[in-house]
1. Points 7 angstrom from Cα along the Cβ direction at residue 290 and residue 134: gap in nanometres?
2. Arranged by the count of other C-beta atoms within 10 angstrom, fewest first, what order do 71, 260, 197 take?
3. Suppose R0 equals 30 Å; then what is the FRET efficiency for residue 155 and residue 20 from their Cβ-Cβ distance, rounded to the nearest 0.05?
4. One quarter of the convex hull surface, Cα atoms only: what value does that give for the range 2-287 in nm²?
5. Got a sec to turn the phi values of the range 28-45 into Karplus ³J(HN,Hα) couplings, 6.51 cos²θ - 1.76 cosθ + 1.60 with θ = phi - 60°, whole Hz, x for Gly and Pro?
6. Hand me the trypsin sites (Lys or Arg not before Pro) from the range 26-104 located in a DSSP loop with no more than 15 other Cβ atoms within 10 Å, in residue order please.
7. With bins 5 Å wide starting at 0, give me the P(r) of the range 14-151 over every alpha carbon pair, in whole percents.
8. Give, in nm to one decimal, the length gained when the segment between residue 87 and residue 54 is fully stretched (0.36 nm per residue of separation minus the Cα-Cα distance).
Amino acid sequence: MEMITALLTMFQAETPDPYLLPIGEKGQVRVESGWTNTSDGTPSDVSEIAKAAEGYRFVLVGESHDQLAHHEQQAAVIQALVEAGRDVTVGFEMFTRDNQKNLAPWTKGWWSEEEFITNSNWQTQWGFPYEAYKPIFDVVRANELRMTALNLPRDWVRQIGRKGPSVLTEEQRRWAPELWLKSSDHRSFFEAMMGGHPVTGPQMENIYAAQVSWDEGMATSAVDAMSWRVGDKPVMVIIAGSGHVMYDLGISLRLKRKGHDALITTCLNSDGPRMVSRGIASFVFTSPRVEGQ
C-alpha cells in the first residue's frame, strides 16, 4: 500500500497542472472567487472586461460545459459589451456550421424556447442541458443579437482523429483550410490537458490534429462571419470550452494567424483560492464546481 501511494504521489507530481504552465506572460497570480485581472491579481468584473475589449474584434470566454455559473458569467460579459455600445455577435462552439440556418429565428423572436431547442437540434448538436446555457440565449434574445455556429461537423473531427488530416476533402477544407501543427506551446498545453501524455506516435498525432482542426474550424467560421462587419463597434463573443481558449492558444492562435488578436477570458472551477499562470488569460472567473448540473 505504501508503494502504491508513493507511485501515485510521484505520478501526480510529474503530471503538469494545466493552470500553471509557463506559457505566455511570466509569473503566477492568486485568483479568488469571482473575476480576477491576471495582470495584477486584483478583483475585477464584467464592466472592466468590456472596457478592456475596446479595439478587439473577438472576445473569447472559456467555460466548463456543465457549470451554470460559467454560462451566467458569459451572459454577463455579453450584456456588458452591449451596454458599452458594442455591436455584439455571439459565436458558439455548441453548433456546427451547417446548422447556421436554424439559429436566426430565435434572435428574431419567431420561435418559442421549446421550438428553438427542437429546431436548433440542441440535443444532437451538443447534448449538455439547455437549462445550463439558458442565460446566454436569454441575453441573445433580449438584445436581438446575431448568433454564429462555429464548429466543424463532428464526424469530420472524428475522421481526422482516426485517420489524420489528409482525410478531409477539398470542399471540407474550405471550413478548415490550414491545420498548423507546429506550435510547441499548444502541444505542451494539449499534453497537460491529456494528463501529461506526450504527443508521440501516429495515433496521438491524429488526435492532436483533430484538436487543431476543431480550433481552426471555429476560428475560420468566426472570421468568415465577421468579414463584412466594419468599424470599431462589431465584436464577436466566442463561447467555447476553456481548452479552446486558455493561454491565447487554440482558437485564438488560429485567429492570430489570420491577422486578428482576441481578448482572452476564461472560467475555471476551484475548491478555493488558487494560483494560476498569468499567461492563462487576461481575466479569470473562479467558481466552485457544482456537481449534477
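Read-outs: derived from the displayed coordinates by stated rules, not from any lab. Since the model is a prediction, treat every value here as computed from it, not as a measurement. Glycine gets a Cβ as well: all are built from the backbone with ideal geometry, and neighbour counts include every protein chain shown.
1. So the two model labels end up 1.2 nm from each other.
2. Lowest count first: 197, 260, 71.
3. 0.30
4. 15.9 nm²
5. Ordered by residue, 3J(HN,Hα) equals 10, 9, 8, 10, 9, 5, x, 7, 10, 7, 6, 5, 9, x, 8, x, 9, 7 Hz.
6. Passing both the DSSP loop test and the Cβ count: 26.
7. Per 5 Å bin, starting at 0, the Cα pair percentages come out as 2, 9, 17, 20, 19, 14, 10, 6, 3, 1, 0.
8. Additional length available on full extension: 10.7 nm.
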